[in-house]
Amino acid sequence: MLNVRKSNERGGASFGWLDSKHTFSFGHYHDPKHMGFGPLRVINEDKVQPGRGFDSHGHRDMEIISYVLDGALEHKDSMGNGSVLRYGDVQIMSAGSGVVHSEYNHSKTEGVHFLQIWIMPNVGGAEPRYEEKHFDTADKTGKLRLIGSPDGREGSVSIRQDAALYATILDGEDEVKHTLGAGRQAYVHVVRGQVTVNGIALEGGDALKVSGEEAVTLAQAAGAEVLLFDLPQ
């Protein structure tokens with residue numbers, strides 16, 4: 001089964017300092033048809049104005065991943081972590097038994113654009129933890145680069161869930177294929193550009209739910225950057 005989620009069908013919020021697009025129900029946006037996909041619960045595309053951001057707030061029992069697209073995202077948390085993330089950086093905060101954090105646009109002059117992703121963990125009340133890694137553009141170009149996994153293999157960040165997250169940058173004749181194992185499904189989110197996924201044409205902000213298929217094939221791309229989630233059913 002292939003189920004398309006178009007960019008313009010997403011929910012959203014605009015507060016002047018923040019423009020956000022919600023793939024799944026979040027905040028004031030509620031759609032019972034889009035509550036998540038397997039353990040994948042949130043994909044928010046956030047654009048934050050210079051010098052603004054999310055004040056300190058708490059989370060529990062959620063794997064929170066930030067994927068920076070443009071600009072500089074400043075992070076601080078109650079575990080003592082503080083960093084500035086830029087394009088190519090991937091951050092995961094396993095909230096576990098509880099953590100407080102803030103996220104701000106580090107720049108006073110330029111906007112920041114990033115994806116905030118939530119994955120429900122397969123264990124509750126665990127010790128909070130934080131990790132970040134940088135993934136070079138060359139490592140993602142023309143191939144699927146593993147950036148998140150349960151065991152942190154291949155230099156990926158560790159996710160407390162039986163889920164794997166891949167990133168790829170494709171153009172022209174580039175084509176990549178990901179085989180799905182038994183009992184697995186995929187969620188494909190197009191970050192930007194154009195690409196066909198199992199023959200379906202998608203553009204930036206579009207997504208595709210893939211279930212009951214043996215593989216996911218990405219091809220016919222034009223300036224595409226894509227995230228692929230391999231998830232349990």
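Quick notes on this one:
- When you filter the GluC sites (Glu not before Pro) in region 52-134 for DSSP loop state and at most 15 other Cβ atoms inside 10 Å of their Cβ, you are left with Glu110.
- Out-of-range pairs (alpha-carbon distance over 23 Å; input Lys76/Lys108; Lys47/Lys177; Lys33/Lys177; Lys47/Lys209): Lys47/Lys177; Lys33/Lys177; Lys47/Lys209
- Solvent-accessible area, 1.4 Å probe, carbon plus sulfur percent, for region 10-134: 49
- Accessible area per residue, Å², region 137-232 with all protein chains present, probe 1.4 Å: 37
- For the chain, the mean residue ellipticity at 222 nm estimated from helices alone is 0 deg cm²/dmol, where every DSSP H run of n ≥ 4 contributes -39500 (n - 2.57) and the total is divided by all residues, rounded to the nearest 500.
- Between Ala126 and Ala182, the FRET efficiency from the beta-carbon distance, with R0 = 30 Å, is close to 0.60.
- Rounded Å value of the spacing that divides the Cα centres of region 172-233 and region 27-98: 23
- Candidates Pro128, Asn198, Gly58 compared by Cα position along the dipole of the chain: farthest toward the positive end lies Gly58, with charges placed on Cβ.
- Label-point gap, in nm, between Phe54 and Gln220 - each point 7 angstrom along Cα→Cβ: 3.6
- Bins of 5 Å from zero: percent of alpha-carbon pairs in the chain: 1, 7, 14, 19, 21, 19, 11, 6, 1, 0
- Accessible surface, per residue, of region 2-53 when the full set of protein chains is kept, probe 1.4 Å, Å²: 51
- Label sites at Asn8 and Arg192, each approximated as a point 7 angstrom past Cα along Cα to Cβ, lie 2.1 nm apart.
- For region 10-23, backbone phi angles converted through the Karplus equation (6.51, -1.76, 1.60; θ = phi - 60°) give residue-by-residue couplings of 5, x, x, 8, 9, 10, x, 7, 10, 10, 10, 10, 10, 5 Hz, Gly and Pro being listed as x.
- Under 5 Å, built H, 5+ apart or other chain: amide partners of Gly96: Asp61, Met62
- In sequence order, calculated HN-Hα J values of region 142-152 (Karplus, 6.51, -1.76, 1.60; Hz; x Gly/Pro): x, 8, 8, 9, 5, 10, x, 7, x, 10, x
- Gain upon complete extension [Ser97, Lys76; 0.36 nm per residue less C-alpha separation]: 5.8 nm
- Here Asp31 and Lys133 are evaluated by their C-beta separation; at R0 = 30 Å the FRET efficiency comes out at 0.40.
- Segment Asp162-Phe15, extension gain: residue separation times 0.36 nm, minus the distance between their alpha carbons: 49.4 nm
The values are calculated or read from the model by the stated rules, or taken from the named source; none is laboratory data. These numbers were taken from a predicted model, which means no experiment stands behind them. Note that each Cβ is placed from the backbone with ideal geometry, even for glycine, and that neighbours are counted across all protein chains shown. These accessible areas exclude ligands, DNA and RNA; they are computed on the full protein's heavy atoms, side chains included. Shrake-Rupley method; radii C 1.70, N 1.55, O 1.52, S 1.80 Å.
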